[in-house]
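One structure is given below, represented as structure tokens, and several questions about it will come after.
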Amino acid sequence: MGAAYVVQREGLIVPEYEIRGAQVDFEIERLRASIEVSVAQIERIERGVRHVEMVGAILQTQVAILRDQMLLDDVSRRIREERKNAEWAVRDELRHLERLFAAMEDPYIRERRADLDFIARRLLSNLLGRAPRRFDEIAAPAVVVAHDLSPAETAQLDRDRVVGIVTETGARTSHAAIMANSLGIPAVVGVASIVASVRDGDAVVVEGSTGRVHLRPDEATRRMASARAHRYARREREMLRAADLPCETRDGHRIEILGNIERSDEVPRLRERGGRGVGLFRTEFLYLNRSAPPDEAEQLRHYRAVLRAARPDPVVIRTLDLGGDKLASWLHVRDEMNPALGMRGIRRSLADRSLFRTQLRALLRASPDGRLRILLPLVTGVSEVREARACLDEVRSELELEGRPYAPDLEIGVMVETPAAVTLSDILVREVDFLSVGTNDLIQYTIAVDRSNEHVAYLYTALHPAVLRAIWKVVDSAHRAGAAVCVCGEMAGDPINSLVLLGLGVDELSMNPHAIPAVKQILRASNFESARALAAELRQLPTVADVTDRVHKVMQQRFPEAFAARAGSQGPGPADLC
Ligand code: PEP
Ligand code: MG
């Protein structure tokens, strides 16, 4: 709750004029200088925020785009061929790139248009000799209200003075949202027309957890908001104090909580928030945004770093799960009618043995540096596991011949994220050491709802009777074989599901580090036997509505503090302006 600080997007007037042949080199030199100044400005900001997860990476991406020789070459070509000034050429080239990005199907890439816009603004401000906007005059407590905020601008916000952020553009994967999350500032994005509806100094309440923004709230709303804010802060403090405690229910049942990460430098934060080990290290990020896949040496460095950082805790590294919506430019994919059912996961690795073997070699060579467990994605049958194991054996023999060490007792697991893997789980588990349920995909394949299609998002839910029965079947198969089951999809990190997963008998939950304290608190205050009874009851309910109502009711009764805000709102909906 704070006073609005409205960021007016001052329009940059971009001059357009003809230049003579003799001026071309001068304009290109201006362009070069403005790129250098822009890079230096972003690097300065980045040095100040290196401790903030994600922020550094986003700013580095902007620097990489600015430093890309192609940008300089393409803008220079426009200057030379069109005989126009540098400002005009920059604006035109970046508009062209934005149009290309806008046409992409992948929502993540579409969102990256914002980066181009911010880069264009910075380059233009520098070419025009304008100082970049600064935020040091903001008085606490302020709510920054803007059409959009660049990553560099968001990184400059002082979290002691800025208590909330509201932007007109953006979605949950946009940089403003990711960075606000890293900074711990409540934010609501995608609120149409807010800039025109608010004046500097107006009182604003930002409810980050429900996506509501209250403008000029009345006394009752203020009181409600301040009571909620106090409760939230108290709960965060309590949860962090308890983060280190073991995740054991009141009746002594132990469940392990691990983290989903993609970089080794995320391990300290994972520990701080009470995670003991890595339950899912996605390796795709190593392969994306580049012109060729990483070689063995580069992968070895990354795998070693995460294994060493997590020691003595285990690290589950998943082999490459490219394809579907995760496409790399070097991956010359054919147009697929149904990419989610196409060349992805383990089938891609088995179809491109040299890619797979390189990854397996790097993994095996890293294995003496910690407790590595290898996980195979999107498995649909036993033969895929056997083929992957055969590949692993070949790589082992190669390393032996070369005299390179590897851990002899490496555990192998299968991701259960297809209905086939669920149905075959009793057979699959005999081939491996553990199972890990990827609910993000398991939900989409079980109930035939595309996980990234906003038009059917209302149907996408973990609390579908078919999904609960599927998880139960997997746990039953694994336990009969004496193996453990982890759930590593987003379902694990949403506290509303904690009692359900406990009751279904899941042994480990792996989630975004941010989610760990809240889930752990719920589980430590729960009783395994009553959770089992709840799960047994849920397995008999016929509809999503029955399951959802029952779960929400139980959670609100058992944990009124944690779930009060959910009353009347079933999870995150569109941003709301009250
Ligand atoms: C899943 O499908 O639940 C999962 C963890 O994998 P990803 O989200 O990377 O597909
Ligand atoms: Mg998956």
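In percent, how large is the relative contact order of region 423-516, given Cα pairs closer than 8 Å and 6 or more residues apart?
Rounded, it is 32 percent for region 423-516.
Hey, got the dipole for region 1-217? About the Cα centre, +1 on K and R Cβ, -1 on D and E Cβ, debye to the nearest 20?
Dipole of region 1-217, to the nearest 20 debye: 180 debye.
Next question, about the same structure. For region 1-217, compute Rh as the Kirkwood radius over C-alpha pairs and then the Stokes-Einstein diffusion coefficient at 25 °C and 0.890 mPa s; write the answer in µm²/s, rounded to an integer.
Here the translational diffusion coefficient equals 135 µm²/s.
Let me ask something else. Per-residue counts of other Cβ atoms within 10 Å, averaged by peptide: what ranking do you get for 355-364, 338-347, 231-240, highest first?
Put in order of decreasing packing, that is 355-364, 338-347, 231-240.
Now for a separate question. What number results when the radius of gyration of region 312-444, computed over Cα atoms, is divided by 2.2 N^0.38 Å?
For region 312-444, the normalised Cα radius of gyration comes out at 1.06.
I would also like to ask the following. Using only the alpha-carbon atoms, how far is helix 528-539 inclined from the longest principal axis of the chain? Give it as 0 to 90 degrees, nearest 10.
For helix 528-539, the angle is close to 80 degrees.
Hey, what angle do you get for helix 353-366 against the long axis of the chain, alpha-carbon based, 0 to 90 degrees rounded to 10?
Helix 353-366 and the main axis of the chain meet at about 80 degrees.
I'm a student and want to see the number: the projected area of the Cα convex hull of the chain, averaged over all directions, in nm².
One quarter of the hull surface, i.e. the mean projection, equals 28.0 nm².
Let me ask you something else. May I ask you to compute the full-extension gain from R263 to D74, defined as 0.36 nm times their residue separation minus their alpha-carbon distance, rounded to one decimal in nm?
64.7 nm
Please work out how much length the chain gains when fully extended from F26 to E284, using 0.36 nm per residue of separation minus the C-alpha to C-alpha distance, in nm with one decimal.
88.6 nm
Still on this structure, I have one more. If the chain between A220 and K553 were fully stretched, how many nm would it gain, using 0.36 nm times the residue separation less the Cα-Cα distance?
My answer for the length gained is 117.3 nm.
FRET efficiency for E529 and D476, Cβ-Cβ distance as r, R0 = 22 Å, nearest 0.05?
0.80
Ok, one more. Which values, in whole Å and largest first, are the semi-axes of the equivalent ellipsoid of region 239-573 obtained as the square root of 5 times each eigenvalue of the Cα gyration tensor?
Here the semi-axes work out to 33, 23, 19 Å.
Same structure again: Taking 60 Å as R0, compute the FRET efficiency from the Cβ-Cβ separation of S397 and D160 and round it to 0.05.
My answer for the efficiency is 0.55.
Using a Förster radius of 35 Å, what is the FRET efficiency between S197 and E561 based on their Cβ-Cβ separation? Nearest 0.05, please.
0.60
Under a Cβ-only charge scheme (Lys and Arg +1, Asp and Glu -1), can you give me the dipole magnitude of the chain about the Cα centre, in debye to the nearest 20?
The dipole magnitude comes to about 1020 debye.
If you don't mind, another one. Between H147 and F101, what is the label-point separation in nm under the 7 Å Cα-to-beta-carbon projection?
1.6 nm
What angle do you read, to the nearest 10 degrees and between 0 and 90, between the alpha-carbon axis of helix 113-127 and the longest principal axis of the chain?
Its long axis makes an angle of about 30 degrees.
Based on the mean of other Cβ atoms within 10 Å per residue, sort peptides 59-71, 429-441, 405-417 so the most packed one is first.
Put in order of decreasing packing, that is 429-441, 405-417, 59-71.
Only the coordinates and a few stated rules stand behind these numbers; no lab work does. Only a predicted model underlies this, so the values are computations on that prediction, with no experimental measurement involved. Cβ atoms come from the backbone with ideal geometry, glycine included; neighbour counts cover every protein chain shown.
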